[in-house]
Amino acid sequence: MDILIVGGGGREHAIARALSKSPKTGKLYCAPGNGGISAIAECFPEVKATDIDGIVALAERLQPDYVFVAPDDPLVMGLVDKLNEKGFKTFGPKANAAIIEGSKAFSKSLMKKYNIPTAAYETFTDEEKAVEYIQKQNSYPTVIKADGLALGKGVIIAKNFDEAKNAVHSMLVDGKFGKSGSEIVIEEFMDGTEVTVLAFTDGKTVKPMVSSMDHKRAYDGDEGLNTGGMGTIAPNPLYTEKIAEESMEKIFKPTIAAMSAEGRPFKGCLYFGLMLTKDGPKVVEYNSRFGDPEAQVVLPLLDTDLVDIMEAIWEEKLDQIDIEWSKSSCACVVMASGGYPEKYETGKEIKGLNSDGQAVAAADSAYVYHAGTKVDGGKYYTAGGRVLGVTAMGGDLKSALAKAYSAVKTISFEKAHYRTDIGHKALGK
């Protein structure tokens, strides 16, 4: 089967690699793709993931058997709906289901209505009322979120009243996140440990994947600004079998049932961001697609053919297949441009990669997922904030991390930045 993947980051590289391993896969295409993806798929850099008409026109030209829509923006913008109208089979939710990520106000009200455990909250469009509410609650830290999509950066954890007031002003008045921040959610701060669980679902059945732990802050020790993710490990050792069972009964199944009851059946990959609190697991956020960099550590552990799963979801027969997972551990260390997630430079040559974009000195022990790269004349250059996701598997987390960091040290580019403490919390350090 010929498959077109929409997107151009590390997540899409992980999806492309997983699909390329299937004997059922014919040609792989990717729009826009990136330098690393171009080693395993034909890329169309001129067609952006958010160019809905452009993607549909490309699909009509290539006539793929499936279109795998990976990023949040095109899902929320209704790309799946448009492709289905043209007769294409797809992986990913329609717009009316992708709203679970596209609007935090929607997802919070869904959880309230269907008694799905989450933090107490209120939504606001008026600065004065929002500030009044913060004063009344008088509980810090407090969490202020932009309602819409903001590249994983639309969340501010305010330590005191002044920080909270400034966060509200920056979103509602200064328009820091544009339209995404024209409505905000203010919620109680949940104390505990975060865990990510991605799940395959066909709108009726839900099958969770291996758990993972993301590292959102820019610097070691969880310091600095929130990023799209600086590294990740799987499985998350803090996510026990008991917690998994509780999450399944109180969160995963009720969420899928709630979406169907609302006339918004969710098909594809649903991302559950959970907080393990003293009162049990609670939902921090939903995403309507594979996480990035979570996909980079979860998909390598998938033993079942991803094409078979994709077909089962399209046909709504997910209950009829068994999904097998490796017992290994996987770790991903993100190498970012200096200055990310704020101002950074691109166009820096990346040293230590072979013609396929893999680490010359560690190609047997690690796999390099490309997030923001371009290839020119056989050389790779930086083209984004997050540049590479250096990933390795091992018999346990310690060995997976050792391999990943060992490979990181063989790759370099000017002002490269990465965290040196990925997985430390999971190892009890």
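Give the average over all directions of the projected area of the C-alpha convex hull of region 311-429, one decimal, in nm².
10.1 nm²
Accessible area per residue of region 96-166 at 1.4 Å probe, in Å²?
In whole numbers, region 96-166 has 50 Å² accessible per residue.
Mind checking which of Ile321, Ile134, Ile184 has the largest fluctuation in a GNM of the chain, springs on alpha carbons under 10 Å?
Ile321
Considering only DSSP beta bridges where both residues belong to region 239-329, give the percentage that are antiparallel (nearest 5).
Given both bridge residues lie in region 239-329, the antiparallel proportion sits at roughly 100 percent.
For the chain, give the percent of accessible area contributed by carbon and sulfur heavy atoms, probe 1.4 Å, rounded to a whole number.
Whole-percent figure for carbon plus sulfur exposure: 47.
Using a 1.4 angstrom probe, figure out how much accessible area region 213-288 has per residue, in square angstrom, rounded to the nearest whole.
39 Å²
Under the definition of Cα pairs under 8 Å and six or more residues apart, what whole-number percent is the relative contact order of the chain?
Averaging sequence separation for qualifying contacts and normalising by length gives 16 percent for the chain.
To the nearest 10 square angstrom, how much accessible area does Lys27 have with a 1.4 angstrom probe?
120 Å²
Just Glu245, Glu187, Glu101 to compare: in a GNM of the chain, with alpha carbon springs under 10 Å, which one fluctuates most?
Glu245
What fraction of the DSSP beta bridges in the chain is antiparallel, stated in percent and rounded to the nearest 5?
80 percent
Just check the chain against the gyration tensor rule for me: Cα atoms, a ≥ b ≥ c as the square roots of the eigenvalues, rounded for a/c under 1.5, and otherwise prolate or oblate depending on whether a/b exceeds b/c.
Working: a/c = 1.39, a/b = 1.20, b/c = 1.16.
In terms of gyration-tensor shape, rounded.
Would you mind checking region 333-371 for residues with the amide N under 16 Å from a putative spin-label position 7 Å along Cα→C-beta of Ser20?
Label zone hits: 353-360, 363-371.
Å³ per residue of the Cα convex hull, for region 164-264?
Normalising the Cα hull of region 164-264 by residue number yields 159 Å³.
Mean-square fluctuation check for the chain, GNM, Cα pairs under 10 Å: which of Arg11, Arg217, Arg289 is largest?
With Cα springs under 10 Å in the chain, the top fluctuation among Arg11, Arg217, Arg289 is at Arg217.
What dipole magnitude, in Debye to the nearest 20, does the chain give about its Cα centre under +1 on Lys/Arg Cβ and -1 on Asp/Glu Cβ?
Approximately 480 debye in magnitude.
Which residue, chosen from Ala371, His417, Gly347, occupies the Cα position most advanced towards the positive end of the dipole of region 338-422, where the dipole is computed from +1 (Lys, Arg) and -1 (Asp, Glu) charges on Cβ about the Cα centre?
Checked the options; the winner is His417.
Just in region 25-61: which GluC sites (Glu not before Pro) are loop by DSSP and have at most 15 other Cβ atoms within 10 Å?
Passing both the DSSP loop test and the Cβ count: Glu46.
Taking the alpha-carbon distance from Lys253 and a cut-off under 18 Å, which lysines remain once sequence neighbours fewer than 8 residues away in the same chain are dropped?
Straight-line reach from Lys253, under 18 Å: Lys108, Lys112, Lys113, Lys204, Lys207, Lys242, Lys267, Lys282, Lys317.
The values are calculated or read from the model by the stated rules, or taken from the named source; none is laboratory data. Because the structure is predicted, anything quoted here is derived from the model rather than measured. Using ideal geometry, Cβ is built from the backbone for each residue, glycine included, and neighbour counts are taken over all protein chains shown. The protein model used for the area step is the full one, side chains on, heavy atoms only, and it has no ligands, DNA or RNA in it. Shrake-Rupley method; radii C 1.70, N 1.55, O 1.52, S 1.80 Å.
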